[in-house]
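Colleague: The structure that follows is given in the form of structure tokens.
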Amino acid sequence: MDDYSIANTTKQQRIELIRSWQPEDESFDDNDLDIWEIYRDYIDGKKEIAECNAAISKTLEYFVEEDGGLGEG
């Protein structure tokens, strides 16, 4: 397993990692999720990936609860 921690990557490597997660078909365009904004603190060396994931998870949980659950539009 590769170590993508801030201590073991350069900013350019972190950018390339996030870029590799961007779908080629740009399927994120259909929603308000901005992968670059979600991982901005990781790219800038302020938070690890797990911390960014935890933050967005809490945000998504809130919206799912507000909407009454997934698929209940």
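Colleague: Quickly run through segment 50-67 and pick out the residues that are at pLDDT below 85 and within 13 Å of Leu33 (Cα to Cα).
Modeller: Thr59, Leu60, Phe63
Colleague: Give me the pairs, please: first residue somewhere in segment 15-37 and modelled with pLDDT of 95 or more, second residue anywhere and assigned to a loop (DSSP other than H, G, I, E, B) and not aliphatic (A, V, I, L, M), beta-carbon distance under 8 Å, and either six or more positions apart or on two chains.
Modeller: Note: pairs meeting the criteria are Leu17/Tyr4; Leu17/Thr9; Ile18/Tyr39.
The values are calculated or read from the model by the stated rules, or taken from the named source; none is laboratory data. The model shown is predicted, which means the values in this text are computed figures rather than measured ones. Here the Cβ is made from the backbone with ideal geometry for all residues, glycine too, and neighbour counts use every protein chain on show.
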